[in-house]
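The values are calculated or read from the model by the stated rules, or taken from the named source; none is laboratory data. Remember, predicted model here, so these are calculated numbers, not experimental data. All Cβ positions, glycine included, derive from the backbone under ideal geometry; neighbour counts span all protein chains shown.
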Amino acid sequence: MPLTSKTVLTRAQRRAIVRLMLRDPNATVWPDAALNVALDEALTYVQGRFPNLQQYVATTTTSTLYDLPAEAMQVHSVFVAFVPGGVAVSELMPIQVHALQGLALSATAYSVAATDTARTLHLATELDEGMSLIVFYYAAQQPWGTPTDVNTGRDIFAIDLAPNQLQDGMAELLLYAAARRAALRYAMQVLASGGGREFEKEYVAADGEFGQLMGSLGNLRPLRRSSGLF
C-alpha cells in the first residue's frame, strides 16, 4: 500500500519512546526535564543533517524587491513560473538574482549584505505579468526548547524531523541514538548506578551507534531499529 500521509510526533511522544529504549517506562531514573534536554540536543543533530528545504511563492514589495520568510536562512534556488493554480516542476525556469540581503545564497558568488532583520531578494529585472517568483530555501532550525514543559507548551508541539521525506527513516534513527547518548551522559554524571545497570557501558554502546550513524548517513547499511540495550 502506498504511503499517503506522514506521522509527526510531539516531544512528549518522542520522550515516551526514548524511555522505552532506556528501559525506564515508569520514569524512575530520568526526570522529564532531563530527557527533554536530551531530545533537544538530538534534534539539533538531526536538523543539521536533514535541513528543511521549503518552497515559497515570494510576494513583491516593489517591482524588483521580494520579501522572504523570516525563517529563511539560506536560499537554495530561485525560479520564475506562471502559476495558474499550482506549480509544476517542469514549468520552473531559473532567474537571475541581482543581490540578496540578509541571507547566504548557496553555490553562487552573489554579494551578501547581512542584516539582522532583512529577508529580501532583489531581481535584476521586473517579472513579466502573470509570472511568480518561486524560492526554495533552507528554513531555520526549530528546537523544542523549554525543558520544564510537560504535556503542555512546547512539549505538545510536533516537529517533522525530515520535512523532505515522506517518512522520517534515518532521521528517526539518528534522533533516538543522539537522545539516548545524551541521556546516558546525564546518568553517568548525576545518577548512581543501581539495579545492576552500568551507565558507562550503556553510554559507550549508545555513543558507538551515534557515531556510526553520523559517519555513514547517506550511505548507511541496514540497521536494526534498536538501541542495542534490549
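Residues in the range 64-81 that are at pLDDT 80 or above, in a loop (DSSP other than H, G, I, E, B) and surrounded by 15 or more Cβ atoms within 10 Å (Cβ to Cβ): Leu68, Glu71.
In the range 10-28, which residues are in a helix (DSSP H, G or I), in contact with a Lys or Arg (Cβ under 8 Å, 6 or more places away or on another chain) and either more than 16 Å from Pro147 (Cα to Cα) or of a type outside the set (A, V, I, L, M, F, W, C) (or both)?
If the condition is that a residue be in a helix (DSSP H, G or I), in contact with a Lys or Arg (Cβ under 8 Å, 6 or more places away or on another chain) and either more than 16 Å from Pro147 (Cα to Cα) or of a type outside the set (A, V, I, L, M, F, W, C) (or both), then Arg11, Met21 are the ones that fit.
Checking each residue in the range 186-221 for being part of a helix (DSSP H, G or I) and either under 23 Å from Phe50 (Cβ atoms) or at pLDDT 95 or above (or both) picks out Ala206, Asp207, Gly208, Glu209, Phe210, Gly211, Gln212, Leu213, Met214, Gly215, Ser216.
In the set Arg197, Arg154, Arg180, only one residue is crowded, with 21+ Cβ neighbours inside 10 Å and among the basic types (Lys, Arg); that residue is Arg180. Please determine whether any residue of the range 100-108 is modelled with pLDDT of 50 or more and of a type outside the set (A, V, I, L, M). Checked against the condition, which is being modelled with pLDDT of 50 or more and of a type outside the set (A, V, I, L, M), the range 100-108 yields no hits at all.
Within the range 53-80, residues that are without any contact (Cβ under 8 Å) to a residue 40 or more places away in the chain reach partners that are crowded, with 17+ Cβ neighbours inside 10 Å and hydrophobic (A, V, I, L, M, F, W, C) with beta carbons closer than 9 Å, at six or more positions or on different chains, in the pairs Thr59/Leu133. Leu35 fulfils the conditions (1) touching a helix residue (DSSP H, G or I) at 6+ places or on another chain (Cβ under 6 Å); (2) outside any helix (DSSP H, G or I) except for a single criterion, (2). Within the range 125-167, the residues that satisfy the criterion of being within 26 Å of His76 (Cβ to Cβ), out of contact with any Asp or Glu (no Cβ under 8 Å at 6 or more places or on another chain), outside any loop (DSSP other than H, G, I, E, B) and small (Gly, Ala, Ser) are Ser132, Ala158. Of all residues in the range 48-63, those satisfying the criterion of being within 22 Å of the chain's Cα centre (by Cα) and either more than 30 Å from Leu123 (Cα to Cα) or part of a strand (DSSP E or B) (or both) are Arg49, Leu53, Gln54, Gln55, Tyr56, Val57.
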